[in-house]
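Novice: Structure provided below as structure tokens; questions to follow.
Derivation of every value follows stated rules applied to the coordinates shown; laboratory data play no part. Since the structure is predicted, the reported quantities are computational estimates derived from the model, not experimental observations. Backbone-built Cβ (ideal geometry, glycine too); neighbour counts: all protein chains shown.
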Amino acid sequence: MTEDSCACRSTDEMRQPLLAVAPASAVLAVASNHFHPWVALSPIERARCRSLHSQQDRVNFAASRALTRLLLARWAGLAPSTGIRFRWYQKCSSCRTPHGRPTLFGCRPPGVSWAYAGGMVAAAVGAGAIGVDIALTGFDDDDPRSMSPRRTAAGAAAKAGLGELADLLASRSLFSLPAGEFSDPATGVCGHVVCGGAPEAIDLFALVDTTADTPA
């Protein structure tokens, strides 16, 4: 995290986790009023983003990180423009490449997670381990390639560090995990979030105050 957010209140564990889901294009448009979403990416993230095959995947990649930064600014009680200061690293425990659960730099950092499907992105922030996964509705639960509710629950649990995805999918006790289900018929998004408490869902435009903040 940043020095400012290192001074985060000692009541982090008691604060409600935050969750936001929004169209990727809207996230980039809103975030750009406060910081440059592409500039905010680390050199490693930019390289990963450039390697993605489709433009939509690249937009989703940048938007999911931008939405996470906006949530982190809200969590720390800072202006949206300070979102550009937040940094994290990722390293897969299996292949040692820069993907997997993100860990923020700084003292007492909250957990962060993001996901995307189609043109929609989600982000979650909260004390301790947290994981979020989303899908677009209308998938076939009998199709092993689909993102059924069981798969989003397992995906969120895996991102929270509760086990490997394959093991969680095979577990009979998957739905006893602390996974909160959410859906939005208007956007066709459904998903799960795994965290230490019921998350507060925040609208994208409620995350920022464009009259009080200026671009970084």
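Novice: Post the alpha-carbon centroid distance, the stretch 180-200 to the stretch 9-80, in whole angstrom.
Specialist: That distance is 18 Å.
Novice: Take residue 57 and residue 181, extend 7 Å from each Cα along the Cα→Cβ direction, and tell me the distance between the two endpoints in nm.
Specialist: Using points 7 Å along Cα→Cβ, the separation is 3.0 nm.
Novice: Moving on. Collect residues whose amide H, placed 1.01 Å from N in the peptide plane, falls under 5 Å from the amide H of residue 189; neighbours closer than 5 in sequence don't count.
Specialist: So residue 189 has HN proximity to 137, 184.
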